[in-house]
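**Q** Quick one: this structure, given as structure tokens, is what I'll be asking you about.
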Amino acid sequence: MTRILAVANQKGGVGKTTTVINLGASIAVHDKDVLVIDLDPQANATSGLGLEEAVSCGVHEFISGDKTLEECIKKTEIDGLFVVPGSRHLAGTEIELAAQDEREFFLARALKAADLSRYDFVLIDCPPSLGLLTVNALVAADGVILTVQSEYYALEGLSHLIETIKRVKGAWNRALMIFGVVLTMYDKRLKLSREVELETAEHLGGILFNTRIPRNVRLSEAPSFGKPVILYDAYSSGAKSYMSLAREVISR
């Protein structure tokens, strides 16, 4: 059965896209088929996997019904890992959706009409906002992975996102659940990281992944080479942590 997971946070720079890229790659390395849907107009998940942003066939065209899913899927360097590329056109998609009836359901309907049976996981990289594209992702998803940066104010922002998830669940997707929370940019040497860890565990202990994603130079460098960190430096702490997270996601 295919699991559709949205990876979300309304704030940028918290490891959301990094998690989509590297979790997707690490799950694929475990002999699973993974489809990444790059719903962010910045298309960083697309470029971080070594692909160019979509010109004529990507998420925008798929959601609008101009192209089928199969027409838009691109292969990556990793066997079993595929991408529907994002593009700057997605900024226009959000404007177009705003004028439509039942605008929250466009992605869900497009995915339901497509054949996802070959994929074990679909990972949706949401924009760093709580706009219509993110709402579409939440309506289409079975669960949400929340990325939380180990910094001050992290939980305050998270509470807003959780409220949005509750509203989406109540109005449009009764089956939606928070699949898990992952702490990113974690540095066990810093008191602040440990405090955020303790506070997150206190409030969300049951859904907090055991794996912590550390601050890691190789993890930061990998996207500029268009590679997941497991291809860039498989022995780095970043690569090892995402392999650990992948095992948790697969078994959860």
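**Q** For the chain, what is the mean residue ellipticity at 222 nm derived from helices alone (per DSSP H run of n ≥ 4: -39500 (n - 2.57); sum divided by total residues; nearest 500 deg cm²/dmol)?
**A** -12500 deg cm²/dmol
**Q** Grab the beta carbon distance between residue 190 and residue 167, set R0 = 35 Å, and tell me the FRET efficiency rounded to 0.05. The partial results should precede the final answer.
**A** Numbers: r = 34 Å, r/R0 = 0.97.
Approximately 0.55, to the nearest 0.05.
**Q** Need one number: nm distance between label points at residue 152 and residue 2, each 7 Å from Cα along Cα→Cβ, rounded to one decimal.
**A** According to this spin-label approximation, the distance is 4.5 nm.
**Q** Can you list the equivalent-ellipsoid semi-axes of the range 94-212, largest first and in whole Å, using the square root of 5 times each Cα gyration tensor eigenvalue?
**A** Whole-Å semi-axes of the equivalent ellipsoid: 30, 16, 12.
**Q** By average Cβ neighbour count within 10 Å, what is the ranking of 190-197, 32-39, 176-183 from highest down?
**A** Descending packing order for the listed peptides: 32-39, 176-183, 190-197.
**Q** Could you tell me how far the Cα centroid of the range 1-67 sits from the Cα centroid of the range 159-209, in Å?
**A** 21 Å
**Q** Can you quote the Å³ per residue value for the convex hull of the Cα atoms in the range 27-121, rounded to an integer?
**A** 90 Å³
**Q** Within the range 3-251, what is the number of lysine pairs with alpha carbons under 19 Å apart, leaving out pairs fewer than eight places apart on the same chain?
**A** For the range 3-251, qualifying lysine pairs total 14.
**Q** How high is the FRET efficiency between residue 98 and residue 142 when r is their beta carbon distance and R₀ equals 22 Å, given to the nearest 0.05?
**A** With R0 = 22 Å, the Cβ-Cβ based efficiency is 0.30.
**Q** Considering all projection directions equally, how large on average is the shadow of the alpha-carbon convex hull of the chain, in square nanometres?
**A** Averaged projected hull area, Cα only: 12.2 nm².
**Q** Further question on the same structure: What is the antiparallel percent of DSSP beta bridges lying wholly in the chain, to the nearest 5?
**A** Within the chain, antiparallel bridges account for around 5 percent of the total.
**Q** Same structure again: So, counting K/R as plus one and D/E as minus one, what does the shell of residues with Cβ under 10 Å around residue 120 add up to?
**A** Local charge sum for residue 120: +1.
**Q** Per-residue counts of other Cβ atoms within 10 Å, averaged by peptide: what ranking do you get for 99-105, 143-149, 168-174, highest first?
**A** 143-149, 168-174, 99-105
**Q** Calculate the spin-label point distance for residue 252 paired with residue 220, positioning each point 7 Å from the Cα along the beta-carbon direction, and give it in nanometres.
**A** Here the answer is 2.6 nm between the modelled labels.
**Q** Using per-residue counts of other Cβ atoms within 10 Å, averaged over each peptide, order 152-160, 85-93, 72-80 from highest down.
**A** Order by mean packing, descending: 85-93, 72-80, 152-160.
Rule-based calculations on the coordinates, nothing more; no lab input. Nothing here was measured: the structure is a model prediction, and the numbers come from that model. Neighbour counts run over all protein chains shown; Cβ positions are idealised from the backbone, glycine included.
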